[in-house]
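This is the structure I want to talk about, given as structure tokens.
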Amino acid sequence: MAAAKSAKNQLRVGRLVKAHGLKGALKLELYTDDPDRRFVQGASFTLQVPEQSQWHGKTITVREFRWMNQHPVVFFEGVDDRTAADTLVRAILWIDEDEDAASEPDAWYDHQLVGLDVVRDGSVVGKVARVDHFPAQDLLVVASGDGEVLVPFVAAIVPEVDIEGGRVVVTPPAGLFEELPESDPAAEAETPASED
């Protein structure tokens, strides 16, 4: 999938999961803490879809947003039936950054993260090269040594993001930033067991 280019910074706010009903509605996976503000009637989104999609390079405008059985559902202008809705399934929705609005807690724009030092146990282990967005979770791509390390961007592994301090703190599992020593079964067999 290719992200649409924009001169403004953009925030990923949702992904269209599947068509809902016969009137063009789509179930929505939310990537925002404030969906009722983001998905107001008339809000426009840039679509991230495959290049061969009829929607590639286009924007889409909200006609209606509602909750159905505790699931967010959205209707768009020009999407009036299930067939049209099916063409949008798996599209990711991006919105231009609103610099006047209060920022969402624990939400950062890609440009704020790229270039930050990645700190583990008080030592810098790399720099954020980019952020990859996937349906399940985002990944921080960290330039470290001669390669890149993919770090799941979840609170358990990235407990602190300090934009002003220029760093993100990581607590990765063993082996993410270093090679684990390989156990040598032959060497272990040669070591005599201690006698007590």
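Residues to consider are GLY78, GLY14; find the one that is at pLDDT 85 or above, open to solvent by less than 50 Å² (accessible area, probe 1.4 Å) and out of contact with any Cys (no Cβ under 9 Å at 6 or more places or on another chain).
GLY14
Please work out if SER144 is modelled with pLDDT under 85 and hydroxyl-bearing (Ser, Thr, Tyr).
no
Can I ask one more? When the residues of region 91-105 are narrowed to those that are farther than 14 Å from PHE45 by Cα and either of a type in the set (A, V, I, L, M) or at pLDDT 90 or above (or both), which ends up surrounded by the most Cβ atoms within 10 Å (Cβ to Cβ)?
Here the answer is ALA101.
Return the pair list, or none, for Cβ contacts closer than 6 Å from residues in region 27-47 that are assigned to a loop (DSSP other than H, G, I, E, B) and modelled with pLDDT under 85 to residues that are surrounded by 15 or more Cβ atoms within 10 Å (Cβ to Cβ) and among the hydrophobic types (A, V, I, L, M, F, W, C), at least 6 apart or on different chains.
Going by the 6 Å Cβ cut-off, the qualifying pairs are TYR31/VAL13; THR32/VAL13.
In this structure, is GLY115 part of a loop (DSSP other than H, G, I, E, B), small (Gly, Ala, Ser) and either open to solvent by less than 60 Å² (accessible area, probe 1.4 Å) or at pLDDT 90 or above (or both)?
The answer is yes for GLY115.
Results for (1) assigned to a loop (DSSP other than H, G, I, E, B); (2) open to solvent by less than 70 Å² (accessible area, probe 1.4 Å); (3) hydrophobic (A, V, I, L, M, F, W, C), shown as yes or no for each residue.
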{"position": "VAL128", "(1), (2), (3)": "no, yes, yes"}
{"position": "ASP132", "(1), (2), (3)": "no, yes, no"}
{"position": "GLU148", "(1), (2), (3)": "no, no, no"}
{"position": "ALA155", "(1), (2), (3)": "yes, no, yes"}
{"position": "VAL158", "(1), (2), (3)": "yes, yes, yes"}
{"position": "VAL168", "(1), (2), (3)": "no, yes, yes"}
{"position": "THR171", "(1), (2), (3)": "yes, no, no"}
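The values are calculated or read from the model by the stated rules, or taken from the named source; none is laboratory data. Worth saying up front: this structure is predicted, and the values here are computed from it rather than measured. Cβ coordinates were reconstructed from backbone atoms using ideal geometry, including for glycine residues, and neighbour counts include every protein chain displayed. Accessible surface areas use protein heavy atoms only, side chains included; no ligands, DNA or RNA. Shrake-Rupley method; radii C 1.70, N 1.55, O 1.52, S 1.80 Å.
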